[in-house]
1. Just name the residue that is surrounded by the fewest Cβ atoms within 10 Å (Cβ to Cβ) out of those in region 22-71 that are among the charged types (D, E, K, R) and either in contact with a Phe, Trp or Tyr (Cβ under 8 Å, 6 or more places away or on another chain) or closer than 15 Å to Phe92 by Cα (or both).
2. Tell me, which residue of region 50-100 that is in contact with a Leu (Cβ under 8 Å, 6 or more places away or on another chain), farther than 18 Å from His35 by Cα and not in a loop (DSSP other than H, G, I, E, B) is modelled with the lowest pLDDT?
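The values are calculated or read from the model by the stated rules, or taken from the named source; none is laboratory data. This is a predicted model, so every value here is computed, not measured. As a convention, Cβ positions derive from the backbone with ideal geometry for all residues, glycine included, and neighbour counts pool all protein chains shown.
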Amino acid sequence: MVSATFALFILLTPVFAQSGGYKVQVPFEFAVGKHTLAAGEYQVSVVKPGMLQVRRTDGAGIATVITANAGGGPSQDLRPRLIFHNYGNQYFLSQVWIDDVNPGTNY
């Protein structure tokens, strides 16, 4: 059985709140680490180097995960964005690109 995989990019919108980060509207249920989060609006922020938090702004749901730097460089497109992979109708957060603080993270 072969499952099609593709990356879905969602661009992030800056959040000017106390904790900073970015807001994003995710239109589908998705997994972050061992957590499954419902569709909705989320704030994505770097809690500290190597630690990312995805917190729902319009309801219950939060995931904090440890990350690994995916690299990047001058030739890379460093626009803030989330990259999801999917297998069938299941979506998994694969990478997060947030400024130069966390230039692409995998987990």
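1. Initially, region 22-71 is screened for residues among the charged types (D, E, K, R), giving 23, 29, 34, 41, 48, 55-56, 58.
Among the residues that remain, those that are also either in contact with a Phe, Trp or Tyr (Cβ under 8 Å, 6 or more places away or on another chain) or closer than 15 Å to Phe92 by Cα (or both) are: 23, 29, 34, 55-56.
On the way: Lys23: 15, Glu29: 13, Lys34: 7, Arg55: 17, Arg56: 17.
Among residues in region 22-71 that are among the charged types (D, E, K, R) and either in contact with a Phe, Trp or Tyr (Cβ under 8 Å, 6 or more places away or on another chain) or closer than 15 Å to Phe92 by Cα (or both), the one surrounded by the fewest Cβ atoms within 10 Å (Cβ to Cβ) is Lys34.
2. This residue is Ile98.
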